[in-house]
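For reference, the structure is listed below as structure tokens.
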Amino acid sequence: MEELKPKRIIALMSGTSCDSIDAGLCDVYPDLSCKLISGINYNYPEHIKSKIFQIFSGNAGIKDICQMNFAIGQCFSNAANLLISEFGKPDFIVSHGQTVYHYPFDDSIDNISLKSTLQIGDSAVIAENTGCDVISNFREADVAAGGEGAPLVCFADEKWFKKAAVQNIGGISNVTVVSDETFGFDTGPGNVIIDYCMNKFFGMPYDKDGEIGFSGKICESWLDCLMQDEYYFKNPPKTTGREYFSKIYIENALKFAPDDPKDIIATVTALTAKTIAFAYERFVPEDINEVIIGGGGAYNPYLMKLLKLYLPKYIELKRHEDYGISSNFKEVMAFALLGYCTYYNIPNNLPSCTGAKRRVVMGKITKYS
Ligand SMILES: Nc1ncnc2c1ncn2[C@@H]1O[C@H](COP(=O)(O)OP(=O)(O)O)[C@@H](O)[C@H]1O
Ligand SMILES: [Mg+2]
């Protein structure tokens, strides 16, 4: 095997929240540790963002998806170029792309599997616009090996943390339980329902610092009803996405919501916290007594307060910052590591998290020529 050397990598990621393209300049070392040198949150131009939401809502055609694949590639390049203009070219770029559809089910037609996932933002566009090689399209290799193609961050969690539950609260929430046998799964919605309701009732993209949540009252009967969704009861491995917690799903749920929009925000925030606590109760061994929170949800103090309330008292709540890692850039750092492994041919999926049949090297390499 080729001798491992440190690599300077720009990693690019946009999650299900679609709040920004996160770009991180990282150094990844042979011991698989990763240091963030600089990070930026690059906002999609407004019309591109609304096109992506049109795709999420199922109201876009193949023409829109075709165009957005290239347009998002340009947006990702712009984010990378901001770092390149300040720090120079990295050894290579790693891009997660923008997930527009995730179908982790065992359906088939004519005995042919339909399990699939789609991240767009074409790597050739990024290579051409930055002058760098690009490693991208991680999830496909895991799906091809029978996995769900998610969650992938577990691989980094296992390398970077000792025994703990590492909880990411992005659009969707996912946990990695780092223990003798690490496993992980999506616990359910993170910010996706909160953001949707903030947009609908307050014309704002999210509940900044949990202010609206703090001012509302949790409607316990509606919360009980929301907690009955079958996803929460399914055994891991399991993953979900915007296709499930969709606009239609949320609009249906809102038919039974309290009248005051502040109470709606308080209750859907409680749903995120309570489904995380419920997942721990059901699926996480009791000897795990530390939870390390990351993702944008870590910046919502109302959500944090509710998590503390719902989790068993023996669990200590920490943030990635307590370990010197930015909650905001943790996922890009994880993808920098995944790309480093692709480069060196090191298997980088964890079958105990994704359900894949075997360990594979995920990621496709696009050369800048
Ligand atoms: N200061 C804050 N107060 C409340 N919520 C926040 C704050 N900062 C970020 N968030 C939430 O985090 C979300 C983004 O989280 P992120 O981890 O980037 O998710 P994703 O990986 O899905 O893009 C935002 O849409 C918002 O709901
Ligand atoms: Mg984000």
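What follows draws every value from the coordinates through simple rules; no lab data is involved. Note that the structure is predicted; figures quoted are calculated from it, not measured. Positions of Cβ are backbone-derived with ideal geometry, glycine not excepted, and every protein chain shown enters the neighbour counts.
In table form, for the structure just shown:
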| quantity | calculated |
| --- | --- |
| Shape metrics for the stretch 1-97, restricted to C-alpha atoms - Rg then Dmax, Å | 15.5, 49 |
| Principal axes of the stretch 101-210: Cα extent on each, largest first, Å | 44, 42, 40 |
| Nearest-20 debye value, the stretch 78-227 charge dipole, Cβ charges on Lys, Arg, Asp, Glu | 360 |
| Helical segments meeting 27 Å axial Cα length and Kyte-Doolittle -0.5 threshold in the chain (DSSP H) | 62-87, 261-283 |
| Size of charge dipole - the stretch 258-353 - debye, nearest 20, with Cβ of Lys, Arg +1 and Asp, Glu -1, no other charges | 60 |
| Highest average packing first - 24-37, 294-307, Cβ atoms within 10 Å | 294-307, 24-37 |
| Unit charges on C-beta of K, R, D, E only; dipole of the chain, Debye | 300 |
| Largest-first principal axis extents of the Cα set of the stretch 256-369 (Å) | 58, 37, 33 |
| For the chain, share of DSSP beta bridges that run antiparallel, in % to the nearest 5 | 70 |
| The chain - mean residue ellipticity at 222 nm from DSSP helices (-39,500 (n - 2.57) per run, n ≥ 4, rounded to 500) | -11500 deg cm²/dmol |
| Fraction of alpha-carbon pairs over 19 Å apart in the stretch 155-323 - percent | 52 |
| Alpha-carbon centroids, the stretch 70-96 and the stretch 1-51: separation in whole Å | 9 |
| Three principal axis lengths of the chain [C-alpha, angstrom, descending] | 59, 51, 47 |
